[in-house]
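Read through the structure below, which is laid out as structure tokens, and then see the notes.
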Amino acid sequence: VFHAAVLERQGRAVVLPAPPGSGKSTLTAALCQRGWRLLSDELALCDTHTGELVGLARPVNLKNESIALMKAFAPDARFTSVVPGTAKGTLALMAAPADSVARVTQRARPAWLVLPRYRAGSPAHLAPLDKAVAFIMLAEQSFNYDIHGVAGFEATAALIDRCDCHEFVYSSLDEAIAVFDHLSQTGAPA
């Protein structure tokens with residue numbers, strides 16, 4: 001179990017591991033509103049035997065400015081009431097798209113691991129990420145890597161081996177979606 005979002009398109013999944021405040025959930029919410037199937041916003045479940053990613057299709061957890069941004073970006077999406085004053089600020093949940101919920105039992109094959117980071121004013125940019133760095137970062141974002149011992153190490157290494165690894169900086173959701181759409185269509189960065 002990794003702290004990461006997972007989305008799928010055309011049979012290939014992108015894993016988005018990132019610490020809180022990176023823009024992961026906002027990016028996830030935007031992608032699942034533009035044709036990517038949501039497997040999870042917070043928990044990437046990897047089957048240690050098959051390497052497949054298992055879906056949850058839970059709501060996307062949005063915080064602070066992301067709530068109004070996503071309400072404007074996806075006016076037809078369903079949101080919970082806004083809850084101000086939590087330890088993480090103002091919170092709201094955006095419902096998973098109906099198609100993601102209907103296909104929750106369909107597993108996905110990992111193809112890309114992308115470390116997202118929102119940076120105000122930055123153009124969308126996808127850059128290669130060294131697989132050793134990706135492995136360490138993914139292991140740090142694991143909830144139970146150490147519990148599985150050798151099997152956890154091997155499953156994490158296998159996931160990294162299957163994926164093209166990238167860092168991604170963005171500020172515009174439309175630009176971000178264009179980059180991810182290009183990635184899904186060609187398999188390569190724009």
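If you take the beta carbon distance between ALA87 and ASN64 as r and set R0 to 22 Å, what does 1/(1 + (r/R0)^6) give as a FRET efficiency, to the nearest 0.05?
Working: r = 12 Å, r/R0 = 0.57.
With a Förster radius of 22 Å, E is 0.95.
Considering only the Cα atoms of segment 56-162, their convex hull presents on average a projected area of 9.4 nm². For the chain, DSSP calls about 70 percent of its internal beta bridges antiparallel.
Any idea what the dipole of the chain comes to, in debye rounded to 20, about its Cα centre with Lys/Arg Cβ at +1 and Asp/Glu Cβ at -1?
On the way: 17 positive and 18 negative charges, 86 e Å.
Dipole about the Cα centre, nearest 20: 420 debye.
When the accessible area of the chain is computed with all protein chains present and a 1.4 Å probe, what percentage of it is carbon and sulfur?
On the way: 4980 of 8840 Å².
Carbon and sulfur together cover 56 percent of it.
Residues in segment 170-182 carry Karplus couplings, in order, of 8, 10, 9, 5, 4, 5, 4, 4, 4, 5, 5, 4, 4 Hz; the curve used is 6.51 cos²θ - 1.76 cosθ + 1.60 with θ = phi - 60°, and Gly or Pro positions show x.
Which of VAL1, CYS46, LEU31 sits farthest toward the positive end of the charge dipole of the chain, with +1 on the Cβ of Lys and Arg and -1 on the Cβ of Asp and Glu? Checked the options; the winner is LEU31. Taking only the Cα atoms of segment 1-77, the radius of gyration and Dmax are 12.4, 41 Å. Of ASP47, ASP146, the residue with the largest accessible area leads and the full order is ASP146, ASP47 (1.4 Å probe). In this structure the amide hydrogen of LEU115, modeled in the peptide plane, comes within under 5 Å of the amide hydrogens of HIS166, GLU167, PHE168, none closer than 5 places in sequence on its chain.
Restricting to DSSP H runs of at least four residues, report the calculated mean residue ellipticity at 222 nm for the chain, -39500 (n - 2.57) per run over all residues, nearest 500 deg cm²/dmol. Mind showing how you got there, number by number?
Working: 7 runs with 64 residues, N = 190.
Helix contribution divided over all residues of the chain: -9500 deg cm²/dmol.
Return one whole number: the accessible area per residue of segment 77-190 in Å², for a 1.4 Å probe. Using a 1.4 Å probe on heavy atoms only, each residue of segment 77-190 averages 54 Å². Within segment 16-91, the trypsin sites (Lys or Arg not before Pro) that combine a DSSP coil assignment with at most 12 other C-beta atoms in a 10 angstrom radius are ARG78, LYS88.
Shown for the chain: lysine pairs separated by 8 or more places, or found on different chains, whose C-alpha atoms are under 19 Å apart, numbering 5. Each residue of segment 38-48 was assigned a 3J(HN,Hα) from its phi angle through the Karplus expression (A = 6.51, B = -1.76, C = 1.60, θ = phi - 60°), giving 7, 8, 6, 9, 10, 10, 8, 9, 10, 6, 5 Hz with x at Gly and Pro. Largest first, the three principal axis extents of the alpha carbons in segment 58-114 are 38, 25, 19 Å in whole numbers. For segment 77-145, the Cβ-based charge dipole about the Cα centre amounts to some 120 debye (Lys, Arg positive; Asp, Glu negative; other atoms uncharged). Name the residue, out of GLN106, GLN141, GLN33, whose mean-square fluctuation peaks in a Gaussian network model built on the chain with Cα pairs under 10 Å. Checking each option, the largest mean-square fluctuation is seen for GLN106. Averaging 1/r over each pair of different alpha-carbon atoms in the chain and inverting the result gives 16.6 Å, the Kirkwood hydrodynamic radius. Phi angles across segment 53-63 convert, under the Karplus curve 6.51 cos²θ - 1.76 cosθ + 1.60 with θ = phi - 60°, into 3J(HN,Hα) values of 9, 9, x, 10, 6, 7, x, 8, 8, 10, 10 Hz, Gly and Pro given as x. Counted residue by residue at 0.36 nm each, then reduced by the alpha carbon distance between them, the extension gain from PHE153 to ILE136 reaches 5.1 nm.
The values are calculated or read from the model by the stated rules, or taken from the named source; none is laboratory data. In this text the structure is predicted, and so the values were computed from the model without any measurement. Because the Cβ atoms are built from the backbone with ideal geometry, glycine has one as well, and the counts that use them run over all protein chains shown. Side chains included, ligands, DNA and RNA excluded: accessible areas come from the protein's heavy atoms. Shrake-Rupley method; radii C 1.70, N 1.55, O 1.52, S 1.80 Å.
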